[in-house]
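Asker: Could you have a look at this structure, given as C-alpha cells, before my questions?
Computed from the coordinates by the stated procedures, all read-outs in this text should not be read as laboratory data. Keep in mind that what you see is a predicted model, and the values were worked out from it rather than measured. Note that each Cβ is placed from the backbone with ideal geometry, even for glycine, and that neighbours are counted across all protein chains shown.
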Amino acid sequence: MVNTVLDTVWRDISPFAVGFDRTFDALSIMANSKSQNVNYPPYNIRKVSEEQYTIELAVAGFEEKDIDIEVTGENLKITGNSPKEASEGLLHQGLAARSFVRKFVLSDDMEIKGAALSNGMLYIGMERFIPENKRPKKINLTSKKKLLG
C-alpha cells in the first residue's frame, strides 16, 4: 500500500522534478507545484545520458527576446512574454502565444549548461555534476598497523 502511494506521488511530481530520481522522498517543496498551469507550454524532459538531461518546451511564436530563463538555487524559472505583434491582423489564432511562467525544481547536483531556441522549440541542457568527494572510489586494503599507526 505504501509503495502504491509513493508511486502515485512520484508520478504526480516527476514532470516538475529533474534529477531527483534518487532523492524524491525529500520533496516537501513540491506541494505548490499544482498551482502552475500544467498544460502550457507543453514540454518534454529527456534523459540524454546518465548525467545529461534536456528540457524541451514548445514555444512557437516566441523569439529569443520574449523568453527569460533564470536559475536561483535549485529553482529553474522560464518566462515567456507574449509578443504583442503576433496577434495583429489575425483572422484566426490557433497557435497559443500567451505569456507563461514554467517552473522546475532541480536537484542540487544539476547544473544548467545552456539554452537554445530552434524552430519553435526551446531546449535547456542540464548535466548532473557529481563532486569529486561524492564520486565512487576504490578503497585498497592495507594492514591494520598502517591504518591505525
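Asker: When SER82, SER118 are ordered from fewest to most other Cβ atoms inside 10 Å of their Cβ, what list results?
Answerer: SER118, SER82
Asker: Right, another one. Return the long-range amide H neighbours of PHE129 (sequence gap of 5 or more, or a different chain), with a cut-off of under 5 Å between placed amide H atoms.
Answerer: Amide H neighbours of PHE129, under 5 Å, 5+ apart: MET110, GLU111.
Asker: Still on this model: Could you list SER107, SER49, SER99 so that the one with the fewest beta carbons within 10 Å of its beta carbon is first and the one with the most is last?
Answerer: In order of increasing Cβ crowding within 10 Å: SER49, SER99, SER107.
Asker: Would you mind checking which residues have amide H under 5 Å from VAL59's amide H? H placed 1.01 Å from N; only 5 or more apart, or other chain.
Answerer: Here MET121, LEU122 satisfy the definition.
Asker: Ranking THR54, THR72 by Cβ neighbours within 10 Å, fewest first, what do you get?
Answerer: Fewest-to-most ranking of THR54, THR72: THR72, THR54.
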